[in-house]
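Below: the structure, in structure tokens.
The values are calculated or read from the model by the stated rules, or taken from the named source; none is laboratory data. Quick caveat, the model's predicted, so the values are computed rather than measured. Virtual Cβ from ideal backbone geometry, glycine too; neighbours counted across all protein chains shown. SASA here: full protein model, heavy atoms, side chains in, ligands and nucleic acids out. Shrake-Rupley method; radii C 1.70, N 1.55, O 1.52, S 1.80 Å.
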Amino acid sequence: MERHRQAVRLVSSSVRAFFERSEPYRIWHGSTNSTRPPHQKAGARLVDISSLKNVLSVDTAQRTALVEPNVPMDRLVESTLKYGLVPPVVMEFPGITAGGGFAGTAGESSSFKHGYFDENVNGVEIVLPDGEVVFARPDPGDKYEDLFRGAAGALGTLGVATLLEVRLIEAKKFVRTTYRRTSSVAEAVRVVREECGSDKGNDYVDGILFSKDHGVIVSGQMTDELPEGERVQTFSHAWDPWFYMHVRDLTKGLPSSASSSSPTPTPSSTPASPTSTEGTVTEYIPLAEYLFRYDRGGFWVGQAAFDYFRPVPFTRFFRWFLDDFLHTRMLYRALHGSGESGRFVVQDVGMPYESVPPFIDFVSENLDIWPLWLCPLKTPRGPTFHPHIRGDGEGQMLNIGVWGWGPKDRDAFVRANRDLERRVDELGGMKWLYAHTYYSEPEFWRAYGGHRTEYEALRQKYHATSLPSVYDKVRVKVDSVSDKGWKPWLKSLWPVGGLVGIWKGIRSKDYMLHRKATWKWRGDKKGDKEKVA
């Protein structure tokens, strides 16, 4: 802890110096999972917290972990699994950090049950904008309860998080994973709601819409049991399938599952195959492999790299050969380095369940982006910057991930994103703020205005008015000078931008993080390394 305290004293000293000069600053974490243009951060005054990247302790009795903000999910999971514990909500990408999950919005496949990541944080150490260090908890009566609730999702605009106390739950060895085939958007939405029911006993629920008539709802239950004849399915090794392709291929020939049934699997005639019943397929995935199943290929965004480098075929051989470049850390490096984030639609929106079919119709007709990700969320009461039910606040929503190529023309790309924002607003939804945000300031506060009065009061109370506001941090400057000049023009020429992205990825050496990961399944203690091919 002494090393941590010394590091926090340095952060506090830097923050206090900026405060005394009334200068705004931004926080440097050392990495990002935001898709906002990086040039908007260039030249900013920075407070460097990149050294705060350790799990300080795991308390097995209290089932908590003390975690510095730059601890990525894979390191956190590796640290807690040693004790048979795991965070209730683990972000799907291994490079997303604990601090990012608290300061941003992190809803994952367990969030229908446990809510957003920050709702599973017992307390957070924060360096206030005047340099004071405090520890805030969400407990009623805590001196800094308002600060904790206000800082969650506020993108670091109320202070710098330097330590989190994360709640843990019992981990088990495998996730018994069931894929239910659906044949319409309405059926997919209905099945998601069914699988979230407490009677189902699921720990994880999400879904993939490959098209309007091919959807798959994925449910998972943690278990220590591996039935006789079942083989373990993994997704982290270079020759393994990408998860979404694996799910698509397993289910494309299946009929729609009976949405009201609870099928009991029967053993497959082929031991190496997943267990199946009509309309469903079940298999067993090691817990960490399940948590990070979308890492390779970045859900399906990695296919866009092959679209860009057109001569390279999208085959299993080349996915194996180029595997180092196709994990999410490297994909983020390439996306920012290439400049292609400026024409790639990356949006997550939380929608009331009744608004999901018309929103998907809009995406299909106007953007033609497939697949789409479905993730059910238990949303908190407002005020909050997290997607939540307007008026009611606390309730259930369905997140829809819209990720794919947009129009090549810059003006058309901006219009497409603006149209999406308007449609989300009309249907009572809310966007996640890690992505491109084109709202004008009045539009932004109309969409998130339920939080503005409390948020501005907190900024005054905790001396944060010299810091950028949430709107300042998320808005895309459409006419930015940084979009002009010879460098953006050069990178816009194929394949220059893509090669710059690859070079930046190689220079970062992020590929070594996955190569050395200890969470990857290599067989149990008996040496069993069997898995489905």
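Values computed for the structure shown
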item: In sequence order, calculated HN-Hα J values of region 129-139 (Karplus, 6.51, -1.76, 1.60; Hz; x Gly/Pro); result: x, 9, x, 5, 9, 9, 10, 10, 10, x, 5
item: On Cα atoms only, tilt of 185-195 relative to the major axis of the chain in degrees; result: 90
item: Given charges at beta-carbon only (K, R positive; D, E negative), |dipole| of region 106-179 in Debye; result: 580
item: Calculated FRET value between LEU56 and GLU365, using beta carbons and R₀ = 41 Å, to 0.05; result: 0.20
item: The chain: angle of helix 496-508 to the longest principal axis, Cα-based, in degrees nearest 10; result: 80
item: Exposure of LEU163 as accessible area (Å², to 10), given a probe of 1.4 Å and all protein chains; result: 10
item: Accessible surface ranking that places the most exposed of TRP320, TRP503 first, with a 1.4 angstrom probe; result: TRP503, TRP320
item: DSSP bridge orientation in the chain - percent antiparallel, rounded to nearest 5; result: 90
item: MET1 accessible area, 1.4 Å probe, all protein chains in place, Å² to nearest 10; result: 100
item: Alpha carbon centroid spacing (whole Å) that separates region 296-354 from region 135-174; result: 31
item: The chain - accessible surface per residue (Å², probe 1.4 Å); result: 42
item: Helix-only [θ]222 nm of the chain, DSSP H runs n ≥ 4, -39500 (n - 2.57) each, per residue, nearest 500; result: -9000 deg cm²/dmol
item: Whether region 286-325 is rounded, prolate or oblate, judged on the alpha carbon gyration tensor where a/c under 1.5 counts as rounded; result: prolate
item: Sparse-neighbour loop sites [chymotrypsin sites (Phe, Trp or Tyr not before Pro); region 388-450; at most 10 other C-beta within 10 Å; DSSP]; result: none
item: In range of the label at GLU456: residues from region 350-390 whose backbone nitrogen is under 17 Å from the point 7 Å along Cα→Cβ; result: 383-385
item: Shape of the chain, Cα gyration tensor, a/c cut at 1.5; result: rounded
item: Tensor-based shape of region 388-492 (alpha-carbon gyration tensor, a/c under 1.5 rounded, otherwise prolate or oblate); result: oblate
item: FRET efficiency for LEU499 and MET245, using Cβ-Cβ distance with R0 set to 35 Å, rounded to 0.05; result: 0.85
item: Accessible area of region 138-212 belonging to carbon and sulfur atoms, whole % at 1.4 Å probe; result: 47
